[in-house]
Amino acid sequence: MKNSRQIAPNCVTITAMRIASFFTAALLLAVSALSADELADYTKLMKAGAAANGAVRKAIGEKDATTAAAKAKEMAAAFEGMAAFFKAKGKEDGVKFAETAAAAAKAAAAATSPEDMTAALAPAGATCRGCHTVYRDGDKFKGL
């Protein structure tokens, strides 16, 4: 008579596969949650950078150099954060886009006339367009 407590080898394999599947699914959920948090942080930076960019341009139009310089510094900080995000993702083109925009904002903050501020910001517009072409599809991110 066979021992009823004996476990068939294929039952052990099936149990091991179920456990592995469970842990794989749990890991994927944890990674996707982290990615959602990263994208939320990036979205905050993007909105801050865009708002500061608009505020800089408005202040330049109003010939308010003090406000323009302050908002340009905020813009630079936001784009530096975006550069760090892209660096962590291994997206060198994204890093270059963000660093170029940050440098333009810093140059605008250092400029002394509205005309010089406008000229200093010019590279930022091209980098925004270039980065959005690669990493945005309407309101959705792509390629990250």
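Please treat every number below as a calculation from the coordinates, not as lab data. As the structure is a computational prediction, the values presented were derived from the model and not from experiment. Glycine gets a Cβ as well: all are built from the backbone with ideal geometry, and neighbour counts include every protein chain shown.
Output ³J(HN,Hα) for segment 135-144: one whole-Hz value per residue in order, computed from phi by the Karplus curve 6.51 cos²θ - 1.76 cosθ + 1.60 with θ = phi - 60°, and x for Gly and Pro.
10, 10, 9, x, 8, 10, 8, 9, x, 9
Within straight cross-link reach of LYS89, meaning Cα distance under 29 Å, which lysines are found once same-chain residues fewer than 8 apart are removed?
LYS44, LYS47, LYS71, LYS73, LYS106, LYS140, LYS142
Would you kindly compute the Cα radius of gyration of segment 36-141 and its largest Cα-Cα separation (Dmax), both in Å?
Reported Rg and Dmax, both Å: 13.4, 41.
What number in nm² do you get for segment 92-137 if you take the convex hull of its Cα atoms and divide its surface by four?
3.0 nm²
Could you run the Karplus curve 6.51 cos²θ - 1.76 cosθ + 1.60 with θ = phi - 60° over segment 66-80 and give me ³J(HN,Hα) per residue in whole Hz, x for Gly and Pro?
With coefficients 6.51, -1.76 and 1.60, one gets 5, 5, 4, 5, 5, 5, 5, 5, 4, 4, 4, 4, 5, 5, 5 Hz.
How long is the gain from ALA70 to ALA36 if the chain were fully straight, where each residue apart is worth 0.36 nm and the alpha carbon distance is subtracted?
Taking 0.36 nm per residue and subtracting the Cα distance, the gain is 9.2 nm.
Under 16 Å from a point placed 7 Å out from the Cα of ASP93 along the Cα-to-Cβ direction: which residues of segment 108-144 have their backbone N that close?
126-138, 141-144
Name the long-range amide H neighbours of ARG136: under 5 Å, sequence gap of 5 or more, or other chain; modelled H, no Pro or chain starts.
LYS142
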